[in-house]
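Enquirer: This is the structure, below, for whatever I ask next.
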Amino acid sequence: MKHQKKAFTLIELMISITIGAVILTSALGVYAQFVQTKMRIEIARQMQKEVNFALARLTDRARNCEITSGKSNFVNLKCENDKPYNFSINTDSNSFTMNNERLISKRFKIITDNKTSKFVITNKENTQPKVQIFLKVQSKKDPSVQQFIRTTISSRKYKF
């Protein structure tokens, strides 16, 4: 009886390498997708944090001040200390500002068509004045990351 050595043939080796390459390519694709999703979640989290900060500033002022005027892209407030506040959605710089101070960083932009980002002001006699805010915010780094925020702020200052 002849004793044969058992070993890989060249074809078996090539098939093994091909199968390994396919598995590795699939794993790298899944990992790349995971990293990209994680990045988008982090951008969205940071965006939400900055929008919450901006809305908190507006809420703090609007609740304790009188709404004196406004249109769809700005709202003017007058407080007891006679300090005026102007909140605006700037179409030139795609930003949200208070007295020309940017409240949301330059990493994000406000979509400034009149249908998505705007103020709706209700300030009639014998009714509680309120400002509805509609903001659509988009990441400059990854435009697919967007958030649409809608909130209502009621003022405690009434006109009778």
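Enquirer: Taking the condition of being surrounded by 10 or more Cβ atoms within 10 Å (Cβ to Cβ) and in a helix (DSSP H, G or I), how many residues in the range 1-16 meet it?
Expert: Narrowing the range 1-16 to residues surrounded by 10 or more Cβ atoms within 10 Å (Cβ to Cβ): 8, 12-16.
If we keep only those that are in a helix (DSSP H, G or I) too, we end up with 12-16.
The total comes to 5.
Enquirer: How many residues are more than 22 Å from Asn123 (Cα to Cα), in a strand (DSSP E or B) and in contact (Cβ under 8 Å) with a residue 12 or more places away in the chain when one looks only at the range 97-113? Please lay out each step first, then the result.
Expert: Residues of the range 97-113 more than 22 Å from Asn123 (Cα to Cα): 100-113.
Within this subset, residues satisfying the condition of being in a strand (DSSP E or B) are 101-102, 108-110.
From what is left, the residues that are in contact (Cβ under 8 Å) with a residue 12 or more places away in the chain are 108-110.
Of the residues in the range 97-113, 3 are more than 22 Å from Asn123 (Cα to Cα), in a strand (DSSP E or B) and in contact (Cβ under 8 Å) with a residue 12 or more places away in the chain.
Enquirer: Quick check: anything in the range 53-66 under 30 Å from Ser144 (Cβ atoms) and of a type in the set (Asp, Glu)? Steps first, please.
Expert: Step one: of the range 53-66, the residues under 30 Å from Ser144 (Cβ atoms) are 53-59.
This time we only want the ones that are of a type in the set (Asp, Glu), so: none.
Looking through the range 53-66, none of the residues is under 30 Å from Ser144 (Cβ atoms) and of a type in the set (Asp, Glu).
Conditions tested, residue by residue: (1) farther than 30 Å from Arg102 by Cβ; (2) loosely packed, with under 15 Cβ neighbours inside 10 Å; (3) in contact with a Leu (Cβ under 9 Å, 6 or more places away or on another chain); (4) among the polar types (S, T, N, Q).
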{"residue": "Leu24", "(1), (2), (3), (4)": "yes, yes, no, no"}
{"residue": "Leu28", "(1), (2), (3), (4)": "yes, yes, no, no"}
{"residue": "Gln33", "(1), (2), (3), (4)": "yes, yes, no, yes"}
{"residue": "Glu42", "(1), (2), (3), (4)": "no, yes, no, no"}
{"residue": "Gln46", "(1), (2), (3), (4)": "no, no, no, yes"}
{"residue": "Leu55", "(1), (2), (3), (4)": "no, no, yes, no"}
{"residue": "Asp60", "(1), (2), (3), (4)": "no, yes, no, no"}
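Enquirer: Assess whether Glu42 counts as being of a type in the set (D, E, K, R), on the phi < 0 side of the Ramachandran plot and part of a helix (DSSP H, G or I). Write out each step before concluding.
Expert: Working: of a type in the set (D, E, K, R): yes; on the phi < 0 side of the Ramachandran plot: yes; part of a helix (DSSP H, G or I): yes.
The answer is yes for Glu42.
Enquirer: Okay, next question. So, in the range 114-131, of the ones that are part of a strand (DSSP E or B) and within 18 Å of the chain's Cα centre (by Cα), which residue ends up nearest to Gln146 (Cα to Cα)? Spell out how you get there, then give the answer.
Expert: Looking only at the range 114-131, we keep the residues that are part of a strand (DSSP E or B), and these are 118-122, 130-131.
From what's left, within 18 Å of the chain's Cα centre (by Cα): 118-119.
Values: Lys118: 16, Phe119: 19 Å.
Checking each candidate, the answer is Lys118.
Enquirer: Same structure, new question: For Glu66, are the conditions met, namely being among the acidic types (Asp, Glu), at pLDDT below 80 and under 30 Å from Thr122 (Cβ atoms)?
Expert: On the way: among the acidic types (Asp, Glu): yes; at pLDDT below 80: yes; under 30 Å from Thr122 (Cβ atoms): yes.
Judged against the criteria, Glu66 is a match.
Enquirer: State which residue is surrounded by the most Cβ atoms within 10 Å (Cβ to Cβ) when the search covers only the range 136-156 and only residues that are touching a residue at least 40 places away in the same chain (Cβ under 8 Å) and outside any loop (DSSP other than H, G, I, E, B).
Expert: Filtering the range 136-156 down to residues touching a residue at least 40 places away in the same chain (Cβ under 8 Å) leaves 137, 139, 141-142, 144-145, 147, 149, 151, 153-156.
Going one step further and asking which of them are outside any loop (DSSP other than H, G, I, E, B), we end up with 137, 139, 147, 149, 151, 153-154.
Details: Val137: 24, Ser139: 18, Gln147: 14, Ile149: 16, Thr151: 14, Ile153: 19, Ser154: 12.
Ranking the candidates gives Val137 first.
Enquirer: Please specify each residue of the range 63-93 satisfying the condition of being exposed (fewer than 15 other Cβ atoms within 10 Å of the Cβ) and either in a loop (DSSP other than H, G, I, E, B) or not polar (S, T, N, Q) (or both).
Expert: Within the range 63-93, Arg63, Lys71, Ser72, Cys79, Glu80, Asn81, Asp82, Lys83, Pro84, Thr91, Asp92, Ser93 meet the criteria.
Enquirer: Counting only residues that are among the basic types (Lys, Arg), within 14 Å of Glu50 (Cβ to Cβ) and surrounded by 14 or more Cβ atoms within 10 Å (Cβ to Cβ), how many does the range 105-135 have? Spell out how you get there, then give the answer.
Expert: Pass one, the range 105-135, residues among the basic types (Lys, Arg): 106-107, 109, 115, 118, 124, 130.
Retained after the next criterion (residues that are within 14 Å of Glu50 (Cβ to Cβ)): 106-107, 109.
Next, only the ones that are surrounded by 14 or more Cβ atoms within 10 Å (Cβ to Cβ) stay: 109.
Counting residues in the range 105-135 that are among the basic types (Lys, Arg), within 14 Å of Glu50 (Cβ to Cβ) and surrounded by 14 or more Cβ atoms within 10 Å (Cβ to Cβ) gives 1.
The values are calculated or read from the model by the stated rules, or taken from the named source; none is laboratory data. It should be emphasised that the depicted structure is a prediction, and the values quoted were computed from it without experimental measurement. Counting neighbours? That spans all protein chains shown, and the Cβs are built from the backbone with ideal geometry, glycine included.
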